[in-house]
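**Q** Next up is a structure, given as structure tokens.
The values are calculated or read from the model by the stated rules, or taken from the named source; none is laboratory data. All values derive from a computational prediction rather than experimental measurement. Here the Cβ positions follow ideal geometry from the backbone for every residue, glycine too, while neighbour counts run over all protein chains shown. For accessibility, only protein heavy atoms count, side chains too; no ligands or nucleic acids. Shrake-Rupley method; radii C 1.70, N 1.55, O 1.52, S 1.80 Å.
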Amino acid sequence: MAKFARIKRAFLFIEHPAASGIVLLGCVVLSLLIANSPLSVGFNQLISLDIAGASGFTLTSTVNDGLMAIFFLMAGLEIKREIVEGQLSGVKKAALPVLCAAGGMIVPAVVYYLFNHSTATHAGWGIPMATDIAFAVAILNALKKVVPPALRVFLTALAIVDDLGAIIVIAIFYTAELHTMYLYYTAGLFALMLVFNYLNLKNIWFYLLPGIVMWYCIHHSGVHATVAGVLTAFAIPARTRGGYSPLTILEHQLSNPVNFLILPLFALANTNITYTDGMLGGLITPLGLGIVAGLLLGKPLGILLLAWGAVKSKLSMLPDGINWAHMTGMGLLAGIGFTMSIFIALLSFNDLAVQSGAKFAILIASVIAAVSGYVLLNFYVKAK
């Protein structure tokens, strides 16, 4: 009975809205502890291990290029579902979160550019553009008794558009040499999946198997292979003529593996920042200032400016129950750039020291954004 009770508690924990954020945070802390302990050398050797001889695929690159494609597949499914029947369906519904997401991407990139335009770290302008949907929504879930439900929906929609923007940025700007023949193969495979969609084929393997081959082609084309996840998601039917939804079923099946395995593995492999004496000083270098100011100032400023402009111009309106204090707190939470920001930082720089400095700045900015957003929203509601 005791064993059954423990299993039941484990399932209840997984179902908790904040569970994925707690696990992700735990892996971040664990990775930092390992990186600053005697285990760091062995851990770095482990994640740098070539898993197939001379293939060039280390454990880290397998997570970043392979498993993260599954994360992007789930993100793509969520984006498509919201476009078809959710918060992004129709111009009126989509206008405000789309505009806010655009402001929350453009302004941080400009802030970073102002600090880094003539430096060796200028390529990292995409780092502060991203919002970590898992952490940001987990904090709102912790506040669900004091903030309107519409705020969580709005932040989720904004973060989905933000993810799509980050994916486009990665595909266009963080790509090495292109091999066009593989891109032709990719286009053919994507077209084949669209034909399967048109023919109303509901078996998910009609899309996943070509998607796996497409991942291989994109990986060899020079474009970052995670784009394959998004293209595959967009080809999967949202609903067949019989009312069956392959998209919804696959999204549900991927949710726990992505949230409780793939993202934690990404955090373990990529957050391992060994603290050195110069890291705090690195926060006031152009790289550190660009990232911290981009996430903490650029994100909320861009979101609020575009929201204010859209409301004042009657292009859109604030959702029911949401006011400007809520929007400010949400804008701060959108400055949690963790997963996607680290991902773009790894693509931006080859120098391990620069990568570590960027990851440290992302970590510090994300922690400040999380705490300040939580405190503002919690304080505002209690002060009412």
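**Q** If you take the residues in the stretch 178-200 that are outside any helix (DSSP H, G or I), touching a residue at least 24 places away in the same chain (Cβ under 8 Å) and open to solvent by 50 Å² or more (accessible area, probe 1.4 Å), which one is nearest to Gly124 (Cα to Cα)?
**A** The residue in question is Leu178.
**Q** If you don't mind, another one. If you go through the stretch 349-366, how many residues are over 16 Å from the mean Cα position of the chain (by Cα) and open to solvent by 10 Å² or more (accessible area, probe 1.4 Å)?
**A** Matching residues across the stretch 349-366 total 11.
**Q** May I pose another question? If we keep just the residues of the stretch 126-164 that are part of a helix (DSSP H, G or I) and of a type in the set (Gly, Ala, Ser), which is modelled with the highest pLDDT?
**A** Here the answer is Gly126.
**Q** Taking the condition among the small types (Gly, Ala, Ser), open to solvent by less than 50 Å² (accessible area, probe 1.4 Å) and touching a residue at least 12 places away in the same chain (Cβ under 8 Å), does Ala95 pass?
**A** Taking the combined requirement at face value, the residue satisfies it.
**Q** Looking at the stretch 188-205, can you tell me whether even one residue there is farther than 21 Å from Ile79 by Cα and under 18 Å from the mean Cα position of the chain (by Cα)?
**A** Among the residues of the stretch 188-205, not one is farther than 21 Å from Ile79 by Cα and under 18 Å from the mean Cα position of the chain (by Cα), which makes the answer no.
**Q** Can you tell me which residue is farthest from Leu295 (Cα to Cα) among those in the stretch 153-177 that are touching a residue at least 24 places away in the same chain (Cβ under 8 Å) and β-branched (Val, Ile, Thr)?
**A** Thr175
**Q** In the stretch 227-310, which helices (runs of 4 or more DSSP H) lie fully inside it and hold 2 or more residues that are under 23 Å from Tyr112 (Cα atoms)?
**A** 279-282, 286-293
**Q** Checking Leu287 against (1) open to solvent by less than 50 Å² (accessible area, probe 1.4 Å); (2) closer than 16 Å to Val111 by Cα; (3) touching a Phe, Trp or Tyr at 6+ places or on another chain (Cβ under 7 Å); (4) hydrophobic (A, V, I, L, M, F, W, C), which single condition isn't satisfied?
**A** That leaves (3) as the condition not met.
**Q** Kindly provide the set of residues from the stretch 107-124 that are of a type outside the set (A, V, I, L, M) and open to solvent by 70 Å² or more (accessible area, probe 1.4 Å), ordered by number.
**A** Once the filter is applied, which keeps residues that are of a type outside the set (A, V, I, L, M) and open to solvent by 70 Å² or more (accessible area, probe 1.4 Å), the stretch 107-124 yields Tyr113, Phe115, His117, Ser118, His122.
**Q** Here is a follow-up. Where residues in the stretch 3-28 are surrounded by fewer than 12 Cβ atoms within 10 Å (Cβ to Cβ) and under 30 Å from Leu333 (Cα atoms), which of them is modelled with the highest pLDDT?
**A** By that ranking, first place goes to Glu15.
**Q** Given the conditions (1) in contact (Cβ under 8 Å) with a residue 24 or more places away in the chain; (2) surrounded by fewer than 18 Cβ atoms within 10 Å (Cβ to Cβ); (3) among the hydroxyl-bearing types (Ser, Thr, Tyr), report the number of the one that Ser313 does not fulfil.
**A** Only one criterion in (1) in contact (Cβ under 8 Å) with a residue 24 or more places away in the chain; (2) surrounded by fewer than 18 Cβ atoms within 10 Å (Cβ to Cβ); (3) among the hydroxyl-bearing types (Ser, Thr, Tyr) is unmet by Ser313, namely (1).
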